[in-house]
Structure formats: structure tokens, C-alpha cells
Amino acid sequence: MRLAIASDHAALTLKAELLDFLRAAGHSVEDLGPHDAQSVDYPDYGYKLGDAVANGSAEFGIALCGSGIGISIAVNRNAAACRCALVSEPLSAKLAREHNDANVIAMGARLTGSDMAKACIDAFLSTEFGGDRHIRRVQKLSNPHFSKDSI
């Protein structure tokens, strides 16, 4: 699987652990940065991750910052291509894929430990989109005009 991962400085250590974990599992992972502990702005890296998913260089993305909140908002600015879900445990990661067809997950390095982050990634990557009744809802997430016309 082709993945992209990005973080801010607060999540640098967790990102390094997850890179090793993902590559050991056989995934191709592009590290979009940062590459040192110098303070950075999480939106810049969230936008880079959103672009990687949107242009197809990554099938799925993993976004990390201190809380996971800011970077998830940045990724979701690419609404036509990205559905980023902030997750904290495996069930939310599974449901993000199954119900929302999420293609990016976000986690907070200050809130989610390494083992839990790995469990979330495993659940996320091993779950397929459920389709059926969820298709219409996912279309509304990616196209706000679709939503207005159907109310």
C-alpha cells in the first residue's frame, strides 16, 4: 500500500516510530516531514498530506500533531479529495473507513501512545468502505452542493 505521513514538531517521535512500523509491514511510505525538531506550523504539513492523497501519490494518509485536531482540519481543507478522521482508538479508526470512507486518519501524539496509534493504523488499513447507505453520505462530505440539493 502507498501511504503518506506528515506531522508537526510535537509528533516527530511518534512519526518516526510509525514509519518503522509501517515499513516493516511492507508498506511504501512517503515521509512528508518535518525531518527535525524545529518548530513548524501543522497546517503546512496537513496541506502537503492532503495534496499527496488528492494527486494519487498516496492511497491513504496519516496525519499527526500534538492533539491531532489542527492537522486534521488542514487535511480536510481539500474537501473534494480528502476525508480525514481524528481517531483515538481502533474502533473509531475502523468506523472512519467503514462508514465515512476516510482516506486519512489523524492522531494526537500528546494523547495517543505508540501502541494505540499502531492499533488504530492496523484497524484503519484493514477495513474496507461499507458502501450501501454510506455512499450518499460520503458524496455529501465531498460535494456540499450535493447536500443542499438533496435536503
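Observations, loosely collected:
- Condition check for Ala109: within 17 Å of Phe124 (Cα to Cα), in contact (Cβ under 8 Å) with a residue 24 or more places away in the chain and under 14 Å from the mean Cα position of the chain (by Cα): no
- Selection of helices (runs of 4 or more DSSP H) fully inside the range 33-105 by the criterion of at least 2 residues being within 17 Å of Ala119 (Cα to Cα) and of a type outside the set (A, V, I, L, M) returns 90-100.
- Selection from the range 35-70 of residues that are crowded, with 16+ Cβ neighbours inside 10 Å, of a type in the set (Val, Ile, Thr) and over 10 Å from Asp8 (Cα atoms): Val53, Ile62
- Residues satisfying the stated conditions in the range 12-46, i.e. more than 14 Å from the chain's Cα centre (by Cα) and closer than 22 Å to Arg77 by Cβ: Gly33, Pro34, Ser39, Val40, Asp41, Asp44
- Pairs with Cβ under 7 Å, 6+ apart, first in the range 116-135 and assigned to a helix (DSSP H, G or I), second of a type in the set (Phe, Trp, Tyr): Lys118/Phe21; Leu125/Phe60
- Qualifying residue in the range 20-31 (condition: modelled with pLDDT under 95 and of a type outside the set (Lys, Arg)): no
- Taking the criterion of being part of a helix (DSSP H, G or I), surrounded by 16 or more Cβ atoms within 10 Å (Cβ to Cβ) and among the small types (Gly, Ala, Ser), the residues of the range 1-32 that qualify are Ala10, Ala11.
- Hey, Gly70 among the small types (Gly, Ala, Ser) and touching a helix residue (DSSP H, G or I) at 6+ places or on another chain (Cβ under 8 Å) or not: yes
- Beta carbons closer than 8 Å, at least 6 apart along the sequence or on distinct chains, pair a first residue in the range 52-74 that is at pLDDT 95 or above with a second that is buried (at least 24 other Cβ atoms within 10 Å of the Cβ) and acidic (Asp, Glu) for Leu64/Asp8; Cys65/Asp8; Gly66/Asp8; Gly70/Asp8; Ile71/Asp8.
- Flag for Val87 being surrounded by 24 or more Cβ atoms within 10 Å (Cβ to Cβ) and either under 16 Å from Thr127 (Cα atoms) or polar (S, T, N, Q) (or both): yes
The values are calculated or read from the model by the stated rules, or taken from the named source; none is laboratory data. This structure is a prediction, so every number in the text was calculated from the model and none was measured. Backbone-built Cβ (ideal geometry, glycine too); neighbour counts: all protein chains shown.
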